[in-house]
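Since the structure comes first, as structure tokens, the remarks are kept for the end.
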Amino acid sequence: MEDQASAFIGLILRRTGFFNEFQVSQILSADRSDGSSIVDVVVRFGIVREDDFLKKIGEILGFPYVEAGSNRPKDEALTKLPARAVYQYNVLPYTFEKGTLTVVASDPFNIGMTDGLRLAAGCPVRLALCTKEEIDKAVKKYYGVGADAIENMIEDGRYAVDEDLSAISKIDVNEMGAEASIVRFVNQIIAEADRQGATDIHVEPMEDELRIRYRIDGMLHKVDVPPQLNKLKAAIISRIKVMANLDIAEKRLPMDGRIGVRLNNDDIDIRVSTMPTAYGESISLRLLQKAGNFVKLQDLGFNDHDYEQVVKLINRPNGIFLVTGPTGSGKSTSLYAFLHEINKMQVRILTAEDPIEYEMPGINQVLVRQDIGLTFARALRAFLRQDPDIIMVGEIRDGETAEIAINASLTGHMVFSTLHTNDAAGAFARLIDMGAEPFLVASAVAGVMAQRLVRRLCPACKREVPLDMKWYDLDEPPLSQKVWVPTGCESCTNTGYKGRRGLFELLVVTEEIESQIVARKSATEIREVALKQGMKRLREDGWAKVFKGITSVEEVMRVTEENG
């Protein structure tokens, strides 16, 4: 039987006209012990694209080719197959007409698939073809992420015997921990978040649903999940708490934990935070790559002038360089880029972080732990006895940390840190408010960089439109009379954006600005002096990136203030 199947597949491969005899024999003899299909092997060989190959196979075997991602399947068809069968064969029920179910598949050579689908659907089945990736996206869209796991759980009486949440919450956790369906569903949610490049996962119990959202490129996106998920929310939340080593019996207090997972050969550290709400515990998961591909300094998005100034600042022998901005504005990414640039064998670098977001070889990284008294201030004080050249403090939160950082810079160390202020000029007032002396702040701080993150326009679908000057506050006319706007395509999940880029406002401390700080001048007055000396506002940097086609007007307006 196996020889007959190989002979049949070989005949079809030859009839496509894509392969010579040697290539046909290579495809047929390829190792498929990992469960890959003949189509997978053909794609790996790189001789022909998957969609072109499937279209040709369809012509030969009489199977139509459809765009699964572009055309919505019929609701009647979607109900014909259980999610378990859909995920097992990686197919999508498409239409149901005259008693026959048309199913979109990516592997026309799977001999047992049609029989299995016919038994599961209880009716005749006809095949149509589409690429594996398109089918996978469509299945997640119409069935929801983890639908097969949810279906198994609902069929298991322990997980959904009724609507009573108190009954559902009394699941034996040891038994639940070993249950493959619960484990698989949570793993699928985390894996899908990583695949989409999400930084956060929010699991939020509502009155009539368990809402799951991913934060991608700084914006929240709802995840398509099966509607039955609400019945299982207590079990799923308990499973996440078990993974994070949290007390599942405690539902009244906020808790913090960690999960370590490995995805696609990358170690990911997940920070878990729970919060009791009206309808159950809301859980937030922050995904942190343990060893990431660091963004290089030249890739942060500086203009030429600011890039030169930043290089000078980070290579100083002493002083403080502050990065300011709200949570999620990319401050840590910039600090890591600085450290990556100056990380050399001759330099000793110590960092105090909460948490350690990326592990960087060659640098001594310390995790701040408030619960045992290892604060930023205490770590910083200990650093000074460790013969460092460069110190990075995750955040200056209080007067004690500010004082030690200033003393460290004045005694010959370069210090990097972050502050929560709206703009660069506001950093000095913030330090003084913490109790630092103005003349020490003026002497210690070498520069301050405010930043924001804007979403980058998707290069595959952005389009040009005429310039409308009503949006812009420019000192001189722009070089271009066109800007770009988002459209949305398959590549960017129809958002029009893909990735992010920084906007920067760099204030270098000069003698004139030092005198302003010592005189306790306001942030507005210091800003005016800096602007006269050539500082570009955040919004000005944003407009420059708009005219280069990097981002859109709406993005710059969204993240910058009127005067910034």
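The values are calculated or read from the model by the stated rules, or taken from the named source; none is laboratory data. Keep in mind it's a predicted model, so treat the numbers as computed, not measured. Note that we place each Cβ from the backbone using ideal geometry, even for glycine, and neighbour counts take in every protein chain shown. Calculation scope for accessible area: heavy atoms of the full protein, side chains included, ligands and nucleic acids excluded. Shrake-Rupley method; radii C 1.70, N 1.55, O 1.52, S 1.80 Å.
Give me the extension gain from ASP266 to MET557: residue separation times 0.36 nm, minus the current Cα-Cα distance, reported in nm with one decimal.
So the chain would gain 101.2 nm between ASP266 and MET557.
So how tilted is helix 523-532 from the main axis of the chain? Cα-based, degrees 0 to 90, rounded to 10.
For 523-532 against the chain, the angle is about 90 degrees.
Give the long-range amide H neighbours of CYS489: residues separated by 5 or more places, or on another chain, with amide H under 5 Å away, using H modelled in the peptide plane at 1.01 Å from N.
Placed amide hydrogens put ASN494, THR495, GLY496 under 5 Å from CYS489.
Pop out the carbon and sulfur fraction of the accessible area of the chain as a percent, whole number, probe 1.4 Å.
48 percent
So between ASP224 and GLN196, what do we pick up on full extension, going 0.36 nm a residue minus the alpha carbon distance? Working shown, then result.
Details: separation 28, 0.36 × 28 = 10.08 nm, distance 1.32 nm.
Residue separation times 0.36 nm, minus the Cα-Cα distance, leaves 8.8 nm.
For LYS296 and PHE109 in one chain, what is 0.36 nm times their gap in residues minus the Cα-Cα distance, to one decimal in nm?
Gain on stretching LYS296 to PHE109: 62.7 nm.
Given Cα pairs under 8 Å that are at least 6 residues apart, what percent is the relative contact order of the chain?
The value is 8 percent.
Can you tell me which lysines have their Cα less than 24 Å from the Cα of LYS98? Leave out same-chain residues fewer than eight positions away.
Partners found: LYS74, LYS80.
Taking C-beta distances below 4.7 angstrom as the pairing criterion, name the unpartnered cysteines of the chain, in sequence order.
Lone cysteines by the Cβ rule: CYS123, CYS130.
May I ask for the angle, rounded to the nearest 10°, between helix 233-243 and the longest principal axis of the chain, with both axes built from Cα atoms and the value confined to 0 to 90°?
Tilt of helix 233-243: around 60 degrees.
At 1.4 Å probe radius, can you tell me the per residue accessible area of the chain in Å²?
Roughly 48 Å² per residue, with all protein chains present.
So how far apart, in nm, are the two label points at ASP387 and SER6 if each is 7 Å from Cα heading toward Cβ?
Reported label-point gap for ASP387 and SER6 is 6.7 nm.
In Å and whole numbers, how far do the C-alpha atoms of the chain stretch along each principal axis, longest first?
87, 60, 49
Sorted by packing (mean other beta-carbon atoms within 10 Å per residue), highest first, where do 495-502, 213-220, 332-339 land? Could you put the intermediate results ahead of the total?
Numbers: 495-502: 20.0, 213-220: 17.9, 332-339: 21.9.
Highest mean packing first, the order is 332-339, 495-502, 213-220.
Considering amide H positions built from the backbone, and no H for Pro or chain starts, which residues 5 or more places from MET392, or on another chain, come under 5 Å of its amide H?
LEU350, THR351, ALA352, PHE416
Say R0 is 25 Å: what FRET efficiency, to the nearest 0.05, do LYS141 and GLU209 get from their beta-carbon distance?
Numbers: r = 17 Å, r/R0 = 0.68.
Calculated value: 0.90.
Can you give the local net charge around GLY99? Use residues other than it whose beta-carbon is closer than 14 angstrom to its beta-carbon, Lys and Arg +1, Asp and Glu -1.
Local net charge: +3.
On C-alpha positions alone, give me the angle between the axis of helix 399-410 and the longest principal axis of the chain, in degrees, nearest 10.
70 degrees
Sum -39500 (n - 2.57) across every DSSP H segment of at least 4 residues in the chain, then divide by the residue count to get the 222 nm mean residue ellipticity, nearest 500.
After summing the helix terms and dividing by the residues of the chain, the value is -11000 deg cm²/dmol.
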